[in-house]
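What follows is one structure encoded as structure tokens, with my remarks underneath.
The values are calculated or read from the model by the stated rules, or taken from the named source; none is laboratory data. Only a predicted model underlies this, so the values are computations on that prediction, with no experimental measurement involved. Please note: Cβ atoms are built from the backbone with ideal geometry, for glycine as well, and neighbour counts cover all protein chains shown. Only protein heavy atoms, including side chains, enter the accessible area calculation; ligands, DNA and RNA are left aside. Shrake-Rupley method; radii C 1.70, N 1.55, O 1.52, S 1.80 Å.
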Amino acid sequence: VSKSRSSSSAPVVAVVGATGAVGQEFLAVLAQRKFPFSQLKLLASARSAGKPQEFAGKTYKIEELTEDSFKGVDVALFSAGGSISKKFGPIASQAGATVVDNSSAFRMTDGIPLVVPEVNADALKGWKLGQAAPGQGGGGKGGIIANPNCSTIIMLVPVTPLHRAAHVKRMLVSTYQAASGAGYAAMQELETQTRDVLAGKKAEPKIFKYQYAFNLFSHNSDMYPNGYNQEEMKMVHETHKIWNDKNVHIAATCVRVPVMRAHAESIYLEFEQPLDEAKAKELLSKAPGVSIIDDRTNNRFPTPLDASHQDDVFVGRIRADISMNGASGSSSSKGLALFVCGDQLRKGAALNAVQIAELLL
Ligand code: A2P
């Protein structure tokens, strides 16, 4: 396949980390959305090489990821961890592929777009599969685009339409994060520990430091000297980059909870302009990628199970922040609270990356 892909031929697609939790979701999303391709390369470690993988009614073989894997590839969806992305992302880009990278390796690199299509699709102006990236983000004949952190994506899909209307001055978020964010092994750990505890056995932590079943703990990412962990600081820095606005004040508390695959977040927003509940609901009802579940009478609000395997981010508990300006519903309210749930593997990872690739077709 030559690099000068004619506009009529479908792209050659590679999935790096195809056997992983996000990799498998990439395949599900590509099939579901009928992403056009002329060839599909499924790459993972040597451990998986030769294993069969069904895709859209055909059986493919997993191949070992090597430096030669990207010849002729137009788009490479990466989710095999940060160190694999750091090494093979630039190799893929040099070979002419447009890389959409799900790891944190390049998110904060200047010149590399960090994109949530509903929020800042304009960051991909001039990008096209099979063509060198404008501004040469990743170097080489292709380019690199970064997929944001799952918690950042799930927060910004519903918060951005509100930000556009009333400008967020300050945002406080607490997350309730699922096992899937730490990969298949963590999902298995949750299941195994739950079975063990119910059988009267001791839970054996392997992936996480603490018992996961029937427990929760501060996010497992490394701590910074300021007392915040990496996940929390990703939400701050990535939001600043995606919104192209460093002046929004953001603080996060990230917690791992024993839920399989959808993250929940409690979000408090302080705006520059007034934004009441009714207006917020109206904006959210029209926002792409957002569904509202907000039934006070029946105490019916989004849950991780509502969001699991779904594309949309679900929003509820839409209410004035009474700590800020008095009575709930006040039309002069500049504070708003939300509770959101989104599928970590889907909109938090694979779906967002495939939507990015679709913008480049
Ligand atoms: P493999 O299954 O062969 O180990 P998860 O996020 O669910 O833990 O998945 C991680 C993904 O990254 C898997 O597809 C895994 O492949 C892949 N991976 C891990 N290490 C490597 C490596 N050294 N080279 C290529 N792929 C890797």
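What the table below lists for this structure:
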| quantity | calculated |
| --- | --- |
| Selection from the range 86-101 of residues that are in a loop (DSSP other than H, G, I, E, B) and either open to solvent by 20 Å² or more (accessible area, probe 1.4 Å) or of a type in the set (V, I, T) (or both) | A95 |
| Scope the range 51-80; condition within 15 Å of the ligand (Cβ to nearest atom), open to solvent by less than 40 Å² (accessible area, probe 1.4 Å), more than 24 Å from S104 (Cβ to Cβ) and assigned to a loop (DSSP other than H, G, I, E, B); matching residues | I62 |
| Helices (runs of 4 or more DSSP H) completely within the range 114-202 that count 1 or more residues being in contact with a Cys (Cβ under 8 Å, 6 or more places away or on another chain) and in contact (Cβ under 8 Å) with a residue 12 or more places away in the chain | 150-166 |
| Complete set of residues in the range 32-49 that are without any contact (Cβ under 8 Å) to a residue 40 or more places away in the chain and either open to solvent by less than 40 Å² (accessible area, probe 1.4 Å) or within 11 Å of the ligand (Cβ to nearest atom) (or both) | L40, K41, L42, L43, A44, S45, A46, R47, S48, A49 |
| Residues of the range 251-269 satisfying the condition of being surrounded by fewer than 20 Cβ atoms within 10 Å (Cβ to Cβ) and over 30 Å from E189 (Cα atoms) | Y268 |
| Residues that are within 12 Å of the ligand (Cβ to nearest atom), over 16 Å from the mean Cα position of the chain (by Cα) and free of Cβ contacts under 8 Å to residues at least 60 places away in the same chain, drawn from the range 87-113 | K87 |
| Of all residues in the range 161-184 being closer than 11 Å to L269 by Cβ and open to solvent by less than 10 Å² (accessible area, probe 1.4 Å), the one that is farthest from the ligand (Cβ to nearest atom) | A166 |
| Residue pairs meeting the criteria (Cβ under 8 Å; at least 6 apart or on separate chains; first more than 19 Å from A97 (Cα to Cα) and assigned to a helix (DSSP H, G or I), in the range 340-361; second of a type in the set (G, A, S) and open to solvent by less than 10 Å² (accessible area, probe 1.4 Å)) | G348/S151; G348/G342 |
| Residue among V29, V13 that alone is assigned to a strand (DSSP E or B), more than 15 Å from the ligand (Cβ to nearest atom) and of a type in the set (V, I, T) | V13 |
| Flag if S83 is within 9 Å of the ligand (Cβ to nearest atom) and loosely packed, with under 15 Cβ neighbours inside 10 Å | yes |
